[in-house]
Amino acid sequence: MSNIDKRYKTVKLDIIEKMYNDINLTFSKSDVNTSDFFILITKNKAEIDLSSFKTILFVINPNKEKLPPKLLQSSRNQKGLFYCNLPYDYKNIAGPYECQILVIDEKTNERIVTTEKFSYYVNDDLVDLDDAGEIETEGTVKLTLVDDETGETSVIEVASFDYSLFDEDDKVQYTITNNLTNAMTNNLAVKLDENATYKATIMANGKYKLSSVIVIMNSEDITEECYADGVINILAVTGDVLITAIAEKIVIPDPGEDSGGDDSGDDPEPTPTPTPTPTIETPNCFDETGTIDGNKYIYRFTKARCTSYGGDSGSASGLGLKVAKTVGAHNMPYGTKLYIPYLKGKFGNTDGIVTVTDTGGYCTDFDIFLDKDSDKSAEKKWGNPRFLDVYVISWGTKRVAWSFTEAVKFCKGYYGLSTFHVAWTEYIKYKGCTINLWKFKEDDKTFKENSWYKDL
């Protein structure tokens, strides 16, 4: 970039909220390769990743002529940031230019226009570039995007774009309102033109399942005619649309009756504590006693696959969930106390001690509850699965968590086994851990004999 370049001004737009832009975008007709600036697009003033979408600039010149749409170059360093360099025919007339942004998903043809327009001004000059001969412009039916790093080019067809989308104020428009509980949508549109097509896919958040989806248009329930299997398809929008979707926590069945209770209570028939013997029972399972970091233990696991999850909607045992203090596990009584050296002093856990109060799928040994809001937040904190040593301080007195065999049977029917193939491969890399714990339940002794084992 030359020292005479004028750029680094940024226009801030939002697809929902109004944004105040105290910015002066002024260029000259004679500017060459200096008429550039940035556009930052957010959603509810929060960062949004638009790298997989086409983001297009619409411009009307001072003569009220609609210029060919211009494809914007997405920044690789910041989400929602785009670079714009104005070609000659976008500044060859002195005066104000009115601009608006269209974001389009080429796969679904879903479109959204930013709520706010912006403008730039072109000054006249003594220099007249028209006297210098013919100047090639970018204003063609097809736009060519050049990757600055690789030099590779890609062509986007824009002839099908409706310029009337730009004239938002002259159209009848209706609002699109999403009222989503533990669910999300792939369509970010908040308003559409009359008779426009609306299509969206509603998805449940992790560990949730859609239980109810209702679509209201113009105060009438149109769910039956436009919704099926998570997809909403409204052929013509003729009124304000309200979408209400509710997803409920996936309830994983536990063997036996629910004993309920809390940390202070015991079941009428407590699970007996096994007699420890200092021997290696099965891979990664050591029935032994000892002391680690001042904590006396009665059993030891090595290379246990430890993961994390979030979303506070209750535990399988009824004992509750506490951030960095409770975990899901298999084949051991709820209420079991564990010491995980790696966890000590991290995520708000001061002593590294956790309690088994929940269970999970079949691809982990200990699933640590790490965030009240969501799985995504918990996984971001924890990072990749970790293979750690885990020590049993005391066995619990509640019912026994489900076996891997029971977990696979449930997941097979609900998710399909292929969903967890990569995670399962990683789990058995070290020959498993709590899958080999047979003190309280022996289901997993014959794990490999099941018909579905080869499908894992």
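The values are calculated or read from the model by the stated rules, or taken from the named source; none is laboratory data. Predicted model, so just to flag it, every value in this text is computed and none were measured. Backbone-built Cβ (ideal geometry, glycine too); neighbour counts: all protein chains shown.
Some points to look at:
- Considering Tyr339, Tyr334, the condition of being among the hydroxyl-bearing types (Ser, Thr, Tyr), assigned by TED's automatic domain parsing to the domain that holds Arg305 and buried (at least 24 other Cβ atoms within 10 Å of the Cβ) is satisfied by Tyr334 alone.
- If you go through the stretch 212-235 and pick out every residue that is over 20 Å from Glu194 (Cβ atoms) and among the hydrophobic types (A, V, I, L, M, F, W, C), you end up with 4.
- Meets criteria (in contact (Cβ under 8 Å) with a residue 12 or more places away in the chain, within 17 Å of Asp367 (Cα to Cα) and in contact with a Cys (Cβ under 7 Å, 6 or more places away or on another chain)) for Trp424: yes
- Matching option when the condition is of a type in the set (Ser, Thr, Tyr) and surrounded by fewer than 21 Cβ atoms within 10 Å (Cβ to Cβ), among Thr359, Thr397: Thr397
- 2 or more residues within 29 Å of the chain's Cα centre (by Cα) and touching a residue at least 60 places away in the same chain (Cβ under 8 Å): qualifying strands (runs of 3 or more DSSP E) within the stretch 289-350: 299-310
- In this structure, Ile393 does satisfy being in a strand (DSSP E or B) and either hydroxyl-bearing (Ser, Thr, Tyr) or over 24 Å from the mean Cα position of the chain (by Cα) (or both).
- From the list Ala200, Ala228, the one residue that fits, being outside the structural domain of Asp375 (by TED's automatic domain parsing), out of contact with any helix residue (DSSP H, G or I) (no Cβ under 8 Å at 6 or more places or on another chain) and buried (at least 17 other Cβ atoms within 10 Å of the Cβ), is Ala200.
- The stretch 289-303, residues that are over 10 Å from Tyr339 (Cα atoms), surrounded by 15 or more Cβ atoms within 10 Å (Cβ to Cβ) and not β-branched (Val, Ile, Thr): Tyr299, Phe301, Lys303
Residue-by-condition table, conditions (1) among the small types (Gly, Ala, Ser); (2) at pLDDT 85 or above; (3) on the phi < 0 side of the Ramachandran plot:
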| position | (1), (2), (3) |
| --- | --- |
| Ile353 | no, yes, yes |
| Phe366 | no, yes, yes |
| Phe369 | no, yes, yes |
| Ser374 | yes, no, yes |
| Pro385 | no, yes, yes |
| Leu388 | no, yes, yes |
| Trp402 | no, yes, yes |
| Lys409 | no, no, yes |
| Thr425 | no, no, yes |
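- Residue among Phe27, Phe82, Phe58, Phe53 that is more than 30 Å from Ile234 (Cβ to Cβ) and either at pLDDT 75 or above or not assigned by TED's automatic domain parsing to the domain that holds Asn186 (or both): Phe27
- Scan the stretch 171-226 for residues that are within 18 Å of Ile15 (Cβ to Cβ) and touching a Cys at 6+ places or on another chain (Cβ under 9 Å) and the total you get is 1.
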